[in-house]
Structures are given as structure tokens and as C-alpha cells.
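Each remark here refers to the structure printed beneath this line.
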């Protein structure tokens, strides 16, 4: 028997009813959350948590990269940036280096903040 979780249902409804711009914002926020979870995991020497969180952040960054429309010049620039972030996430995970994750999370936060500004101007 499945247990009803109202929070999960709310979260699922938020995702399925969100506009594409809002979905991108949710993805940035998710990546930030997972990177910060990985940082805490590394600080606590909880390698399993850190590894899982970094992998989730990598998946989000790869998804963002794959959804870019190559006909726009900015997509090429973003793709290069996403590739750099992805490689740094891999490096941080291999070396268990929270400092690299701190660098990456600030980059993703800047992307998120820029995206929020765009959404506000176009809404």
C-alpha cells in the first residue's frame, strides 16, 4: 500500500504545471541544493551522501546542457560553462574537495540569479 505524502504531491504538481522558464529555475535551485548537500557531506566525512549529491548535481547540469537550443549563440557559451561546471563536479567528487564545490556552487548561484532576473523582466 502506497503512503500518501502531500508534500511529494505538491512538489510533483509544481513541476508538471511549471512553465519552461520556471523549470529551469527549479533545476538551478536543485543543483545548488545538491552541491551544498555534498559540501556538508564532505565536511562530515559522509562520503556516500557527498557522492550521491554530486552525482545528482552532475545530472542536472548535463540536463541543462542537453536542453540548450544550439541555434542561439548564448547556448554555445552556456554549454561551455556547463561543461566546465560538470568537469569541476567530477574533480571535486574524485578528490573529495569541498573547496571546488564552493567555487562551483557560486557559479550556479550566479546563473540562477541571472535567470531569475530574466524571468522577472519577461513576466
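Readers should treat all values here as calculations from the given coordinates under stated rules, not as data from a laboratory. A quick note: this is a predicted structure, and the numbers were derived from the prediction, not measured. Quick reminder, even Gly has a Cβ in these numbers, built from the backbone with ideal geometry, and neighbours come from all protein chains shown.
Here are the numbers:
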quantity: Label-point gap, in nm, between residue 114 and residue 49 - each point 7 angstrom along Cα→Cβ; calculated: 3.2 nm
quantity: Residue exposure sequence - 90, 108, 100 - by fewest surrounding Cβ within 10 Å; calculated: 90, 100, 108
quantity: Cut-off 12 Å (backbone N to label point 7 Å along Cα→Cβ of residue 36), residues of the stretch 101-123; calculated: 105-106, 109
quantity: The chain: Cα Rg divided by the 2.2 N^0.38 Å rule of thumb; calculated: 1.15
